[in-house]
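Remarks on the structure that follows.
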Amino acid sequence: MYTVDELENKLIDLAFAEDIGDGDHTTLCCIPESALGAQKLLVKEEGIIAGIEIAKKIFHRFDPELEIEQFLTDGTRVKVGDVAFIARGKVRSLLQTERLMLNVMQRMSGIATVTSKYMKILEGTKCKVLDTRKTTPGMRMFEKAAVKIGGGENHRIGLFDMILLKDNHIDFAGGIGNALDRAQAYLKEKKKQLKIEIEVRNFKELEECLKHGGVDRIMLDNFSVEDTRKAVEIINGRMEIESSGGITIDTIRSYADCGVDFVSVGALTHSVKGLDLSFKAV
C-alpha cells in the first residue's frame, strides 16, 4: 500500500510525463538553458487559496534548485491581486512546471472555497460537511486535502479505511443482518479495527439496523428533512448519523438543524469550479 507522499509523487510524475512527453519543444527552442527568471502566483478571484505546499512539491520534483518565496499559506482567504508566492530559478523549469502547478492549485483552491461556503452555513450546529469518493482519478489525495483546508472533513479516503455497507452490498449480501454479520466476522478474522457504517433507505431498514447493532454510523440516504428529523429522534444518540443524497448548499442547513453529525456532499469534488489564478513573469 502506497503512502500519501508516494501517491502524490506518482501523480506528479505521471502528469509531467503526459504533458512534457519527449520535451517542451516550445520552451527548448526559444529559452536558453542558462536563462534565469522569476514568476509570481497571482490571485484573480476571491476565495480560499489551497495547494501552495503541493505547488512547492511540484516545483522541486522537477527542479530541486527552484527557490520559492512564500507570502501566503494554505487556507488563507484571498482577494484579486494577492500574490501567493514568487518562484525563482531556470526559466525553462518555471515554464515547464507552470501548467501542472496551476491545474492543481486552481482545482484545490476551488474545492477549498466551496467547502468553506458550506461550513459557513453550518456555523452554530454540530454538523460537519464530508467529502466522498467522487474525486478525479489520481487526484484524490490533493482534492481531499483541499476539503480539509476549506474546513470540511474527509469521509473515508478509499475502500480500505472504513467499511461502508451501501445499498448494493446489502442487496447482494441478502439483507442488512447478513451484511452486518459478515462485516463483523471479517473484521474479527482479519484483526482489523475499522468503523462500520451502513446506508439505510427507509425506516424499516433503520429499525433493522438498530435492532441488530454493531454499527458505528448510520447513513440516511435520500431522506427528506422531515424524515431525517424523525430518524434522529429514533436513533437518539446511539450512533453517529450522516445524511446523504442530493443535499445542496441551499438545503444543508435544514438537515444540520435536524441534529445529524455529518452531511456528505459529492459536489465538493465532482463538479467544482477552479479558482482563477495565473503565473506571471516578474
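No value in this document is a laboratory result; all are computed from the given coordinates. Note that the structure is a prediction, hence the values are computed from the model and not measured. Glycine gets a Cβ as well: all are built from the backbone with ideal geometry, and neighbour counts include every protein chain shown.
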Place a point 7 Å from the Cα of L187 in the direction of its beta carbon; the residues of region 225-246 whose amide N falls under 20 Å from it are 235-243
If one builds a Gaussian network model of the chain from Cα atoms under 10 Å apart, the most fluctuating residue listed among E18, E199, E98 is E18
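What does the helix-only formula give at 222 nm for the chain: each DSSP H stretch with n ≥ 4 adding -39500 (n - 2.57), the total divided by the residues, and the result rounded to the nearest 500 deg cm²/dmol?
On the way: 11 runs with 127 residues, N = 282.
When only DSSP H runs of four or more count, the value is -14000 deg cm²/dmol.
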In sequence order, calculated HN-Hα J values of region 89-102 (Karplus, 6.51, -1.76, 1.60; Hz; x Gly/Pro)
x, 5, 4, 4, 5, 4, 5, 7, 9, 4, 5, 5, 4, 5
Under the rule of at least 5 residues apart or a separate chain, name every residue whose amide H is placed under 5 Å from the amide H of I157.
none
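Among DSSP beta bridges lying fully in the chain, give the percent that are antiparallel, nearest 5.
Values: 17 of 35 bridges.
Roughly 50 percent of the DSSP beta bridges within the chain come out antiparallel.
DSSP loop trypsin sites (Lys or Arg not before Pro) in region 173-228 with at most 11 other Cβ atoms within 10 Å of their Cβ, which ones? It would help to have the intermediate numbers written out before the result.
Values: sites: R182, K188, K190, K191, K192, K195, R201, K204, K211, R217; in loops: K191, K192, K195, R201.
Loop-located and lightly packed - K191, K192.
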Distance from the Cα centre of region 179-213 to that of region 158-174, in angstrom?
9 Å
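Which whole-number percent gives the relative contact order of the chain, counting Cα pairs below 8 Å spaced six or more residues apart? Numbers along the way, then the final one.
Working: 499 pairs, mean separation 64.1, N = 282.
23 percent.
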Which residue fluctuates most in the GNM of the chain (Cα springs below 10 Å): C30, C127, C209?
C30
Counting pairs of Cα atoms in region 100-146, how many percent are more than 13 Å apart?
59 percent
